[in-house]
Amino acid sequence: MAKYRVIVDRVACLGCGAAPAACPEIFELGDDNGKNRVVAKYSVQTTNDISIGEIPEELYECAKSGADVCPVGAIRIEKIE
């Protein structure tokens, strides 16, 4: 089964909450700086600048909906080969 990497640019992020509202299974606003990040369950790395997570294929559509609603395009999703 395919896996996907979710990358949140926390510098570009406005902290508007659109992605967490669209896909709370993967995204949340961090209590560290108020910016979007990948939830702990799927997180691989989180700093003030970036949040990276790896998700199973069945959550791809949810993650994509979160990325699509981000008004500044701060979320990328890549298939892990």
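The values are calculated or read from the model by the stated rules, or taken from the named source; none is laboratory data. Just so you know, these numbers come straight off a predicted model, no measurement behind them. Here the Cβ is made from the backbone with ideal geometry for all residues, glycine too, and neighbour counts use every protein chain on show. Note: areas computed on protein heavy atoms with side chains; ligands, DNA, RNA excluded. Shrake-Rupley method; radii C 1.70, N 1.55, O 1.52, S 1.80 Å.
Based on what the data block shows, is P71 of a type outside the set (V, I, T) and either open to solvent by less than 40 Å² (accessible area, probe 1.4 Å) or not in a loop (DSSP other than H, G, I, E, B) (or both)?
In short, no.
What are the residues in segment 46-58 that are surrounded by fewer than 19 Cβ atoms within 10 Å (Cβ to Cβ) and not polar (S, T, N, Q), if any?
Of everything in segment 46-58, those that are surrounded by fewer than 19 Cβ atoms within 10 Å (Cβ to Cβ) and not polar (S, T, N, Q) turn out to be D49, I50, I52, E54, P56, E57, E58.
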